[in-house]
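**Q** Let me give you the structure first, and then I'll get to my questions.
FYI, it's all coordinate maths here, none of it is from the lab. None of these values were measured; they are calculated from a predicted model. Cβ sites come from the backbone with ideal geometry, for glycine too, and all protein chains shown count toward neighbours.
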Amino acid sequence: MRMYDVIEKKKHGLELSRDEIFEMIKLYTADEIPDYQMSSLMMAIYFKGMTDREIYDLTEAMMLSGDTVDLSAFGDASVDKHSTGGVGDKTTLIVAPIVAACGGIVAKMSGRGLGHTGGTVDKLESFPGFRTSLTPDEFAAQVGRCSLAVIGQSADLAPADKKLYALRDVTATVDSIPLISSSIMSKKLAAGTKSIVLDVKCGRGSFMKTPADAKKLAETMVKIGKAHGRRTAAVITNMDLPLGHAIGNALEVCEAIEVLNGGGPSDLKTVCLTLASLMVEFSCKIPSNEAKARVNDALISGKAFEKFCEWIRQQGGDDAYARDTSLFGKAKYFCDILSDRDGYILSCDAEKIGLAAMTLGAGRATKDSVIDPRAGVILLKKPSDEVKRGDVIARLFTEKKDTFDAARDQIISALEFTDTAPEKPTLIHEIIV
Ligand code: URA
C-alpha cells in the first residue's frame, strides 16, 4: 500500500478498501506514515466523507490498534455512557451512581477536559485522594466491588485514535462525522461494555452545531455499536447553553451532589434521568417504564447518593466532601456580573461561557496546563429567565484576580437579551434507539 495512492483515491471521493484502511492504521500507529500524509488524508475525508462500510472498518482498525478490556465476568450487564463534550456537563457524576444503585453495572473510561469543554476525570479529582488511574485488574475489581468504576482513558486503548485525534485537533479536521464517530466508537468498543448510551450534544458549545448533523452523528454511532453486537442508544441534547448552573470542576461536583440529594437544576436533572433510564433498561434488561420508576426511586430514597459516597470512597477519595461540600472550600476571589437592564435572557452561548471558565482557571489551554478545581462560573440566569436591573447574572470564581476582566467580557458577549418572554429552550431533541 502506498499512502500517496490512498490519499489520491479519497481526494476523488472513491471508497477505500478494508485492507487499505487496516494497513494505513497499522502503519500510522507504528510511526511508519508521516503526519503530513495522514493529515492530508484526514482533510480529504473531511471533504469527501466515507461510506458506512469504510466507517465500520476504520472504527474496527482503531479499536484493534491496542488493548481491549475484558468485562465478560459481568455477563451482558456492563454499560457505559459517553458524552460528545459540553459545558457544565456533569451528568456522569449523577447518572453513574444512579444506575449502579438500580442494580446496573457501570464501567467507564472518561477523558480530561480540553479547550472549552470539561472532563469527568478532572471533576472527580476534586475529591482528595480519588484515583482515576487504575490498572485493568484494579478497574475490574472496583467494578466487582461497587458495580461502578470511572477511570481515565488508558494509553493502551485505541492508540491509533489517540495519535489521530491529536493530529486532527491541530489540522482543523475534528468536526467530521466519519472521523468523530469512528474515534468515539473505537474507544467505547475497546472499553468492552455490552451496552453504550451516547449523549450527543448539539449546538454552539459542541462539535455538531445543528440538530440534523447531530442526528447523523448519533445514527452513525448507533449503527456502529449495533454492528458490533452492543446495545446502543443516543440521546441528542441541547448544548446551545450550558447544562445546569455550575461550570468548573468542584463547582460542578457540588451541583451534581445537589441533584443526588433530590435538588439541583431541572434541566440537568431531566437529562440525567433520561440517560440513566436507558442505561438501567439495557443493563438490567427491564422495560423502559420499569427502568424509569427504578431510577426515580433510587434518587428519592437516597440510594443513589449513598452509592455515590461508596464509589468515591472505594476509588480512594474522601467521601466526607460529598456529605459536607463546604470542605471543597471557595476560590480566593469572586466577582458578580449584574444585569444593567430589565428583560429576559434570550440566549447564552455555551462555548463562550466555557471559555470564560477556562480563562478563570477551570480548563486547560494545552494538555499540560494545570487546572484550578475551585475556579469557574455559576450562571444564575439562563435563557428564558426574567432579569431585573441589578440582578446577579453570573458569579465568577478564581485564584487569579487578573483573569476577571477577560472572563467578564467573555460572559457578557455570550448573553443576548430581549424585552418579551422567550420560549424555554428545547432540552432533548431526539432519542435514537
Ligand atoms: N471526542 C472524541 O473522542 N473524538 C472525536 O473525534 C471528537 C470528540
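**Q** Go ahead and estimate [θ] at 222 nm for the chain from helices alone: -39,500 (n - 2.57) per DSSP H run with n ≥ 4, summed, over the residue count, rounded to 500.
**A** Values: 17 runs with 198 residues, N = 433.
Only helices count here, giving -14000 deg cm²/dmol.
**Q** Could you please state, rounded to a whole Å, how far the C-alpha centre of region 38-92 is from the C-alpha centre of region 112-143?
**A** Cα centres, region 38-92 to region 112-143: 19 Å.
**Q** Additional query: Give me the dipole magnitude in Debye, nearest 20, for region 91-177 about the Cα centre, with unit charges on the beta carbon: positive for Lys and Arg, negative for Asp and Glu.
**A** 80 debye
**Q** Give me the angle, in degrees from 0 to 90, between the Cα long axis of helix 52-63 and the longest principal axis of the Cα atoms of the chain, rounded to the nearest 10.
**A** Approximately 80 degrees, to the nearest ten.
**Q** Using only the Cα atoms of region 319-433, what do you get for the radius of gyration and for Dmax, in Å?
**A** 16.2, 48
**Q** Quick check for me: using +1 on Lys/Arg Cβ and -1 on Asp/Glu Cβ, what's the dipole size of region 336-391 about its Cα centre, in debye to the nearest 20? Show your work: numbers first, answer last.
**A** Values: 9 positive and 10 negative charges, 24 e Å.
Here region 336-391 has a charge dipole of around 120 debye.
**Q** Thinking of region 96-195 as a set of Cα atoms, what percent of all their pairs are more than 24 Å apart? It would help to have the intermediate numbers written out before the result.
**A** Working: 1365 of 4950 pairs.
So the portion of pairs separated by more than 24 Å is 28 percent.
**Q** Any idea how far the Cα center of region 277-293 sits from the one of region 339-377, in Å?
**A** Taking the Cα centre of each part, region 277-293 and region 339-377 sit 35 Å apart.
**Q** Magnitude of the Cβ-charge dipole of the chain, K/R +1 and D/E -1, about the Cα centre, nearest 20 debye? Let's see the in-between values first.
**A** Details: 54 positive and 60 negative charges, 81 e Å.
Rounded to the nearest 20 debye, it is 400 debye.
**Q** If amide H atoms are built 1.01 Å from N in the plane of the peptide, which residues on other chains or at least 5 residues away come under 5 Å of the amide H of LYS81?
**A** VAL197
**Q** Any idea what angle helix 404-414 forms with the longest principal axis of the chain, computed on alpha-carbon atoms, 0 to 90 degrees, nearest 10?
**A** For helix 404-414, the angle is close to 80 degrees.
**Q** What is the Cα centroid distance between region 187-223 and region 403-433, reported in whole angstrom?
**A** One Cα centre to the other: 22 Å.
**Q** When only alpha-carbon atoms are used, what values of Rg and Dmax, in angstrom, describe region 125-284?
**A** 16.8, 44
**Q** OK, next. Could you tell me how many degrees, from 0 to 90 and to the nearest 10, lie between the Cα long axis of helix 136-146 and the main elongation axis, the longest principal axis, of the Cα atoms of the chain?
**A** 50 degrees
**Q** Taking only the alpha carbons of the chain, what extent do you get along each of the three principal axes, in Å, biggest first?
**A** Sorted from largest, the Cα extents of the chain read 66, 45, 38 Å.
**Q** Moving to a separate point now. If one puts a single equal scatterer on every Cα of region 384-433 and applies the Debye formula without solvent, what log₁₀ I(q)/I(0) results at q = 0.17, 0.27, 0.30, 0.32 Å⁻¹?
**A** -0.75, -1.14, -1.24, -1.29
**Q** Sticking with this structure for a sec: D for region 6-129, whole µm²/s, Stokes-Einstein with Kirkwood Rh over alpha-carbon pairs at 37 °C and 0.692 mPa s: what number?
**A** Details: Rh = 17.7 Å.
Taking Rh from Cα pairs, D becomes 186 µm²/s.
**Q** Let me ask another. Please rank GLU219, GLU138, GLU252, GLU60, fewest neighbouring Cβ atoms within 10 Å first, as an exposure proxy. Don't skip to the answer; put the middle values down first.
**A** Values: GLU219 17, GLU138 14, GLU252 28, GLU60 21.
Final ranking by Cβ density, sparse to dense: GLU138, GLU219, GLU60, GLU252.
**Q** Add +1 for every Lys or Arg and -1 for every Asp or Glu among the other residues with Cβ under 11 Å from the Cβ of THR51, and state the total. Write down the numbers at each step before the final one.
**A** Details: positive: LYS48, ARG53; negative: GLU15, ASP52, GLU54, ASP57.
Within the 11 Å Cβ shell, the charges total -2.
**Q** Okay, next question. Write down the percent of antiparallel bridges among all DSSP beta bridges whose residues are both part of the chain, to the nearest 5.
**A** Details: 23 of 45 bridges.
Given both bridge residues lie in the chain, the antiparallel proportion sits at roughly 50 percent.
**Q** Which of the listed residues, PHE404, MET62, MET38, is farthest toward the dipole's positive end in the chain, when Lys, Arg count +1 and Asp, Glu count -1 at the beta-carbon?
**A** Highest projection toward the positive end goes to MET62.
**Q** Listed here are the pairs LYS123/LYS285; LYS381/LYS424; LYS26/LYS162; LYS226/LYS285; which of them are more than 19 Å apart at the Cα? Provide the component values of the computation, followed by the final result.
**A** Values: LYS123/LYS285 30 Å; LYS381/LYS424 13 Å; LYS26/LYS162 13 Å; LYS226/LYS285 16 Å.
Those over the limit are LYS123/LYS285.
**Q** I've got another one for you. What fraction of the Cα pairs in region 216-257, stated in percent, has a spacing above 12 angstrom?
**A** Details: 586 of 861 pairs.
That tail contains 68 percent of the Cα-Cα pairs.
**Q** Remind me, relative contact order of the chain in percent, using alpha carbon pairs under 8 angstrom and six or more residues apart? The partial results should precede the final answer.
**A** Working: 918 pairs, mean separation 83.6, N = 433.
It rounds to 19 percent for the chain.
**Q** I've got another one for you. Rank GLY49, PHE22, ALA421 by how far each Cα sits towards the positive end of the charge dipole of the chain (+1 on Lys, Arg Cβ; -1 on Asp, Glu Cβ) and give me just the farthest.
**A** The listed residue farthest towards the positive side: ALA421.
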